[in-house]
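Q: The structure that follows is given in the form of structure tokens.
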Amino acid sequence: MTRTKLFIFIILTAATAAYGCRGPFSCFGGNSEPAGEYKVRKKPETFSYVEKGTEQQKLDLYRLVGVSEPRPALVWIHGGGWIRGFRGNVDPIAFDMASIGGYQLISIGYRYANDETAPWPEIMYDVNGAIRWIKLHSGELGVDPDHIILAGESAGAHLAALAATSSDVAALSGGENPGPSTEVSAAVLFFGPYNMARLAEGKREQIEKDYCMKPGYRSPAQELLDCPEVDKDTYNVDGCKAEDIKLADPGTHIDADDPPAYLAVGTGDCVVPWTESEALSKELTEAGVRNVLVKTPGGVHRINSLNVSAGEIVEFLEGR
């Protein structure tokens, strides 16, 4: 091995250790071919799940290659504080999970919380409308409609958790694509915010204890729930309606019939306190819902900083 190659190898290996990347090249935006049994197309097929809807009301299917029988669907919900991001932002771990588990990978978009045409809770109408559309078009998509797994990071994890625990709750369901239930078979949740009041309290505690710097923005939950701004200098939801905070909390809707959930978070997360995932895991456990919480010491608000692997997640989803 030449000195140059050795130097590059050392740098990549150090980055892997320091940042918790799944492989040396993933730290630098590389995405090697997933090592699973199934091959996943990298170029998506795009569908509108709302007739005459917006660009956000579309979904992308990354179809499995050479598969004729219906397969479970892994439905990815992107993050971005409910006000940004795009369905094209699919973390490499989702492709790895699809390749290992043989899942049809679908990434859904949704109207942002700061879209004046989509007041709360229409963001959830979009998520649930997409789930029903997938079930209605399962034959075309190559999907088993009885095996839909939701997955998401950050705000996307919140939407996935809320959809998974509140299936067919009228206030969140919306009217698009009527017919099928919005029930799903599992949820994979990376560092999500769940209870907005608890989130604000956790953020203030991080700041007061100098664990994290004070954010230079208002609480995104204020955008999500259409709350009036109370104080620009304080991260809070004081102006939000109590009934909206309750409706938006997955914990409100948890019962023993909810699907299993895999939660992952890092203790160094300064965007969403890791205690949010811990609290939701506790609520699920108390209700008798199978779940696991993977907590990575020092992990931050980035999946490749967490001590998780696609193979372990698939094993959990398959009950192993």
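Q: How do Phe86, Phe47, Phe191 line up, fewest other C-beta atoms within 10 Å first?
A: The most exposed by this proxy come first: Phe86, Phe47, Phe191.
Q: Going by amide H atoms built from the backbone, whose H comes under 5 Å of the H on Arg71, apart from near neighbours?
A: Close amide H contacts, sequence-distant or interchain: Val143, Asp144.
Q: Which whole number in µm²/s is D for the chain by Stokes-Einstein, with the Kirkwood Rh taken over Cα pairs at 25 °C and 0.890 mPa s?
A: 122 µm²/s
Q: OK, next. Show me, for segment 53-70, the HN-Hα J-couplings you get by feeding each phi into the Karplus relation (A = 6.51, B = -1.76, C = 1.60, θ = phi - 60°), rounded to Hz, glycine and proline as x.
A: With coefficients 6.51, -1.76 and 1.60, one gets x, 8, 4, 6, 8, 10, 9, 10, 9, 9, 6, 5, 8, x, 10, 9, 7, x Hz.
Q: Going by C-beta contacts inside 10 Å, put Met213, Met196, Met124 in order with the fewest on the left.
A: By the 10 Å Cβ count, ascending, the order reads Met213, Met124, Met196.
Q: Right, something else. Expressed in nm to one decimal, what extension gain is obtained for the pair Glu55 and Leu136 from 0.36 nm per residue of sequence separation less their Cα-Cα distance?
A: Residue separation times 0.36 nm, minus the Cα-Cα distance, leaves 27.1 nm.
Q: Separate question: If we count other beta carbons within 10 Å of each Cβ, what is the order of Arg302, Arg84, fewest first?
A: Ascending number of Cβ neighbours within 10 Å: Arg84, Arg302.
Q: Strictly over 28 Å apart at the Cα level, which of Lys43/Lys282; Lys42/Lys295; Lys43/Lys135; Lys42/Lys135 would you flag in this model?
A: Lys43/Lys282; Lys42/Lys295
Q: Continuing with the same structure: How big is the dipole moment of the chain about its Cα centre under a simple scheme where the beta carbon of each Lys and Arg is +1, that of each Asp and Glu is -1, and everything else is neutral? Debye, nearest 20, please.
A: Details: 30 positive and 44 negative charges, 285 e Å.
So the magnitude is around 1360 debye.
Q: Taking every DSSP beta bridge with both residues inside the chain, roughly what % is antiparallel (nearest 5)?
A: 25 percent
Q: Okay, next question. Quick check: from the Cα gyration tensor, does segment 185-272 come out rounded (a/c under 1.5), prolate or oblate?
A: Taking the square roots of the gyration eigenvalues as a ≥ b ≥ c, segment 185-272 is oblate.
Q: Using just the C-alpha positions of segment 128-181 as equal point scatterers, what log10 of I(q)/I(0) does the Debye formula give at each q in 0.16 1/Å?
A: The Debye formula, applied to the Cα set alone, gives -0.48.
Q: Let me ask something else. In percent, how large is the relative contact order of the chain, given Cα pairs closer than 8 Å and 6 or more residues apart?
A: 16 percent
Q: Now for a different question. Per-residue HN-Hα couplings for segment 109-125, Karplus 6.51 cos²θ - 1.76 cosθ + 1.60 at θ = phi - 60°, whole Hz, x for Gly and Pro?
A: Computed from phi, the couplings for segment 109-125 are x, 7, 5, 6, 5, 8, 7, 5, 8, 9, x, 3, x, 5, 4, 6, 4 Hz.
Q: Where in segment 103-137 does the amide nitrogen come within less than 17 Å of the point 7 Å from the Cα of Asp257, taken along Cα to Cβ?
A: Of the residues in segment 103-137, none has backbone N under 17 Å from the label point off Asp257.
Q: While we're here: Translational diffusion coefficient of segment 147-305 at 37 °C, 0.692 mPa s, Stokes-Einstein with Kirkwood Rh over Cα pairs, in µm²/s as a whole number.
A: For these conditions, the coefficient is 204 µm²/s.
Computed from the coordinates by the stated procedures, all read-outs in this text should not be read as laboratory data. These numbers were taken from a predicted model, which means no experiment stands behind them. Counting neighbours? That spans all protein chains shown, and the Cβs are built from the backbone with ideal geometry, glycine included.
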